[in-house]
Amino acid sequence: MYQYDDYDRRIIVERAQQFRGQVARRLTGEITEEEFKPLRLQNGLYMQLHAYMLRVAIPYGLLSSTQVRKLAHIARTYDRGYGHLTTRQNIQYNWPKLTDVPAILDELASVEMHAVQTSGNCVRNITADHFAGIARDELEDPRPYCEILRQWSTFHPEFAHLPRKFKIAMTGAPGNDRAAVRFHDIGVRIVENAQGERGFEVLVGGGMGRTPLIGEVIREFLPKPHLLSYIESILRVYNLHGRRDNKYKARIKILVSALGIDEFRRRVDEDWEASRTPALELPDAEVARVSAFFAPPPYQVLPADDQVGVIQLGRDRVLGNWVSNNVDAHKVPGYSAVVISVKQPGIPPGDVSDTQLDAIADIADRYSFGHVVVTHTQNLVLPDVRTSELPRLHAELRALDLGEANANKITDVITCPGLDYCDLANARSIPLSLEIAARFDRVDYLNDVGDVSIKISGCINACGHHHVGNIGILGIDKRGEEFYQLMLGGSPGNDASIGKILGRALAQDEIVDAVEKVLDRYLEIRESPDERFLDAVRRVGFDPFKVAVYGSADPLDAGGD
Amino acid sequence: MTGNFTEDGAVAWRRADGTWARQIAEAGLFVDEPTAKAAATRAAAQEQREICDPYGIEVHAEGGAIDPLTARQRIRANGPTIRLRRPDGER
Ligand code: SF4
């Protein structure tokens with residue numbers, strides 16, 4: 001993985017020192033909260049309902065075991081013994097004291113980590129396919145380009161005060177988008193043109209939030225050397241013309257849809273032609289230098305036999321089920337990618353304790369060349385596990401309560417912090433998620449229902465990605481009380497779609513029953529066990545599900561909200 | 001009146017004597033909005049070192065118990081409704 005050079009190290013250490021001074025001035029009252037707020041936000045420090053929250057950046061989700069140990073140490077020493085994995089492949093701490101934050105930033109800097117640009121109207125942490133570098137369906141590893149974008153966007157002076165936050169995601173597997181690139185301000189897919197050359201397809205104007213939109217292609221094929229200059233032009237047009245008068249209309253997606261993609265593209269091209277300089281061209285040597293940090297680990301040459309299939313069909317059903325659900329194909333024979341589910345019954349999704357983090361670091365060292373990846377689904381990946389070691393690894397993970405066999409299943413719920421923590425929330429998310437986990441924690445049911453994504457957000461900001469859940473749940477506020485809208489039909493991947501509201505909002509004690517009714521109806525109407533939930537919804541429409549939940553497909557009964 | 005303590009971000013409740021408590025049970029009550037607003041303005045100016053963003057909320061008060069009227073403020077008063085990984089919160 002990438003190693004900081006002197007410049008990276010210096011800017012992060014200096015930033016931590018500056019923040020130490022700012023905190024000291026805030027604590028003496030020399031600066032007010034109003035003055036301090038923009039400073040703390042630039043360092044990833046939010047004020048939530050009960051405490052501060054510090055969000056730590058994990059570029060493209062990749063962590064070394066040394067960093068994981070440091071995260072465990074911070075959780076134990078400065079927080080309440082756990083961290084929370086986020087949908088941007090980051091980790092956040094829910095209980096740091098302001099007085100401790102400078103020390104935490106120093107600790108992070110010591111392992112080449114920081115919290116800058118995890119908040120505020122700037123380019124946020126750049127996310128990527130969590131199987132980057134190892135997926136069989138990948139054309140090319142996107143992480144060197146993510147890293148180049150990270151360096152370019154860090155403290156970029158022109159883009160420090162954008163109209164709104166800005167999110168970029170990248171995938172190198174154009175046929176299987178695991179990074180939801182169509183739902184980002186900019187999505188980048190590594191593609192091959194008719195001549196067999198590699199380059200980037202660039203999408204713009206996707207996003208969730210109040211106005212969910214699927215990104216549109218602004219450039220079908222961008223030659224690799226132009227990555228920075230072209231993205232810079234997109235950002236410049238947005239910076240100049242994006243709305244600053246209304247924060248709900250300030251994201252780039254609103255500008256793109258107001259202008260239309262053709263006019264937006266024309267403006268970007270105009271800027272690009274005028275501003276392109278050789279200084280922004282990516283030299284092959286620099287790409288090669290950065291790529292070297294992501295060179296494959298020293299894999300052993302192993303036979304390409306089907307050990308996974310043998311384990312799946314073996315006598316140990318618990319192990320077989322875990323391998324079926326949580327182990328993915330690896331491009332190197334004899335190796336597998338393992339998803340560690342951080343969705344355990346009774347525990348808030350994505351919450352991982354200090355002891356678990358320490359143990360995961362040790363496991364990563366012993367099984368996966370010391371690397372761990374955070375997924376945007378709030379789980380962890382061990383990217384490079386020898387398939388023959390899966391049984392032993394599974395036993396170790398189970399002993400840590402990390403052996404759930406539910407990746408991509410209904411209990412693998414993406415859940416935002418919601419009203420238990422978040423200052424912006426309308427309703428709680430985590431208790432629903434826990435109720436869903438408890439209600440459907442039956443192996444046969446889970447496997448019968450198959451791959452169904454449930455995603456829950458506590459407000460319209462959509463951190464829980466409810467718009468792209470096959471089943472989405474959105475918390476709303478009705479006169480100070482919590483209600484939930486149920487949505488069906490969303491998908492974040494290559495078949496991207498935005499879920500639609502099924503009917504009237506449901507009370508807290510109705511919503512999980514409604515999910516169960518929807519799933520039961522799916523089991524009744526699917527054409528075969530191979531027909532996925534999403535395909536069934538697309539085939540039959542909403543009426544059978546409205547009848548199941550509201551007793552009628554009549555819009556007056558199902559209600560509108 | 002509520003806000004968050006600057007030092008650790010904990011939920012703060014203003015006592016009748018103008019000092020700040022960590023328990024809602026100790027909060028002072030205002031019976032009309034203008035007085036509450038005036039106190040909030042004063043607190044924002046004079047107590048800004050100790051407290052971030054003070055504001056008034058509506059509560060139901062009976063027999064010494066203070067019950068906020070919204071889910072949000074009830075959760076602020078009582079803490080997250082879910083089990084924490086280390087529930088004691090002390091270190
Ligand atoms: S979706 Fe809303 S409630 Fe949930 S974390 Fe985001 S801002 Fe908070």
Are any residues in the stretch A:475-486 more than 14 Å from chain B (Cβ to nearest Cβ) and open to solvent by less than 10 Å² (accessible area, probe 1.4 Å), and if so, which ones? A:Leu486
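Please count how many residues of the stretch A:417-454 are in a helix (DSSP H, G or I) and touching a strand residue (DSSP E or B) at 6+ places or on another chain (Cβ under 8 Å). Don't jump to the end; show me each part of the working.
Within the stretch A:417-454, the first condition is being in a helix (DSSP H, G or I), and the residues that meet it are A:418-420, A:430-439, A:443-449.
Still in the running and touching a strand residue (DSSP E or B) at 6+ places or on another chain (Cβ under 8 Å): A:418-419, A:430, A:432-433, A:436.
Here the count works out to 6.
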Answer yes if at least one residue in the stretch A:452-459 is touching a Gly at 6+ places or on another chain (Cβ under 7 Å), farther than 30 Å from A:Met170 by Cβ and within 16 Å of the ligand (Cβ to nearest atom), and no otherwise. no
Out of A:Gly472, A:Gly493, report the one residue that is in contact (Cβ under 8 Å) with a residue 24 or more places away in the chain, away from chain B (no Cβ under 14 Å) and in a strand (DSSP E or B). A:Gly472
Pairs returned, first residue in the stretch A:35-61 that is without any contact (Cβ under 8 Å) to a residue 24 or more places away in the chain, second residue that is open to solvent by less than 30 Å² (accessible area, probe 1.4 Å), beta-carbon separation under 7 angstrom, 6 or more apart or interchain, are A:Phe36/A:Arg26
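Report, by residue number, each residue of the stretch A:32-43 that is open to solvent by less than 20 Å² (accessible area, probe 1.4 Å) and within 14 Å of another protein chain (Cβ to nearest Cβ).
Step one: of the stretch A:32-43, the residues open to solvent by less than 20 Å² (accessible area, probe 1.4 Å) are A:33, A:36, A:40, A:43.
Result: A:Glu33, A:Phe36, A:Arg40.
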Criterion (more than 9 Å from every other protein chain (Cβ to nearest Cβ) and open to solvent by less than 80 Å² (accessible area, probe 1.4 Å)) met by exactly one of B:Ala12, B:Ala16: B:Ala12
Kindly evaluate A:Tyr52 against the criterion of being within 14 Å of chain B (Cβ to nearest Cβ) and open to solvent by 10 Å² or more (accessible area, probe 1.4 Å). no
Report whether or not A:Tyr248 is modelled with pLDDT under 95 and assigned to a helix (DSSP H, G or I). yes
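In the list A:Thr118, A:Thr127, which residue meets the criterion of being of a type in the set (Val, Ile, Thr) and closer than 29 Å to B:Asp8 by Cβ?
Working: A:Thr127 fails: closer than 29 Å to B:Asp8 by Cβ.
It is A:Thr118.
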Has the stretch A:80-88 got at least one residue that is open to solvent by 10 Å² or more (accessible area, probe 1.4 Å) and facing another protein chain (nearest Cβ under 9 Å)? yes
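Do we find a residue being facing chain A (nearest Cβ under 9 Å), touching a residue at least 60 places away in the same chain (Cβ under 8 Å) and either out of contact with any strand residue (DSSP E or B) (no Cβ under 7 Å at 6 or more places or on another chain) or among the aliphatic types (A, V, I, L, M) (or both) anywhere in the stretch B:81-89? First the steps, then the outcome.
Going through the stretch B:81-89, the residues facing chain A (nearest Cβ under 9 Å) turn out to be B:81-89.
With the extra rule that they be touching a residue at least 60 places away in the same chain (Cβ under 8 Å), the set shrinks to none.
No, because not a single residue in the stretch B:81-89 is facing chain A (nearest Cβ under 9 Å), touching a residue at least 60 places away in the same chain (Cβ under 8 Å) and either out of contact with any strand residue (DSSP E or B) (no Cβ under 7 Å at 6 or more places or on another chain) or among the aliphatic types (A, V, I, L, M) (or both).
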If we scan the stretch A:66-79, do we find a residue that is within 14 Å of chain B (Cβ to nearest Cβ), crowded, with 22+ Cβ neighbours inside 10 Å, under 19 Å from the mean Cα position of the chain (by Cα) and within 22 Å of A:Val372 (Cβ to Cβ)? yes
Criterion (over 22 Å from A:Ser457 (Cβ atoms), away from the ligand (no atom under 16 Å from the Cβ) and hydrophobic (A, V, I, L, M, F, W, C)) met by exactly one of A:Val342, A:Val374, A:Val338, A:Val352: A:Val338
Are any of the residues in the stretch B:25-38 open to solvent by 20 Å² or more (accessible area, probe 1.4 Å), assigned to a helix (DSSP H, G or I), within 11 Å of chain A (Cβ to nearest Cβ) and more than 30 Å from A:His84 (Cβ to Cβ)? no
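Charged (D, E, K, R), touching a helix residue (DSSP H, G or I) at 6+ places or on another chain (Cβ under 8 Å) and more than 10 Å from every other protein chain (Cβ to nearest Cβ): is that true of A:Asp100 in this structure?
On the way: charged (D, E, K, R): yes; touching a helix residue (DSSP H, G or I) at 6+ places or on another chain (Cβ under 8 Å): yes; more than 10 Å from every other protein chain (Cβ to nearest Cβ): no.
No, not satisfied.
Tell me whether the stretch A:344-357 contains one or more residues that are farther than 25 Å from A:Thr411 by Cα and not in a strand (DSSP E or B).
No, the conditions are met nowhere in the stretch A:344-357.
Examine the stretch A:290-301 for a residue that is assigned to a helix (DSSP H, G or I) and open to solvent by less than 60 Å² (accessible area, probe 1.4 Å), and state whether such a residue exists. Please lay out each step first, then the result.
Initial filter on the stretch A:290-301 (assigned to a helix (DSSP H, G or I)): A:290-292.
Then drop every residue that is not open to solvent by less than 60 Å² (accessible area, probe 1.4 Å), which leaves A:290-291.
Checked against the condition, which is being assigned to a helix (DSSP H, G or I) and open to solvent by less than 60 Å² (accessible area, probe 1.4 Å), the stretch A:290-301 yields at least one hit.
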Would you mind stating whether A:Asn461 is more than 14 Å from chain B (Cβ to nearest Cβ), assigned to a loop (DSSP other than H, G, I, E, B) and surrounded by fewer than 23 Cβ atoms within 10 Å (Cβ to Cβ)? yes
Of the residues that sit in the stretch A:410-427 and are touching a residue at least 60 places away in the same chain (Cβ under 8 Å) and open to solvent by 20 Å² or more (accessible area, probe 1.4 Å), which one is nearest to the ligand (Cβ to nearest atom)? A:Cys422
Testing A:Asp141 on (1) crowded, with 22+ Cβ neighbours inside 10 Å; (2) away from chain B (no Cβ under 14 Å), one condition comes back false. Which one is that? (1)
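The values are calculated or read from the model by the stated rules, or taken from the named source; none is laboratory data. For clarity, every value in this text was computed on a predicted model and none was experimentally measured. With ideal geometry, Cβ positions are generated from the backbone for all residues, glycine too; neighbour counts draw on all protein chains shown. Protein only, heavy atoms only, side chains kept; ligands, DNA and RNA dropped before computing areas. Shrake-Rupley method; radii C 1.70, N 1.55, O 1.52, S 1.80 Å.
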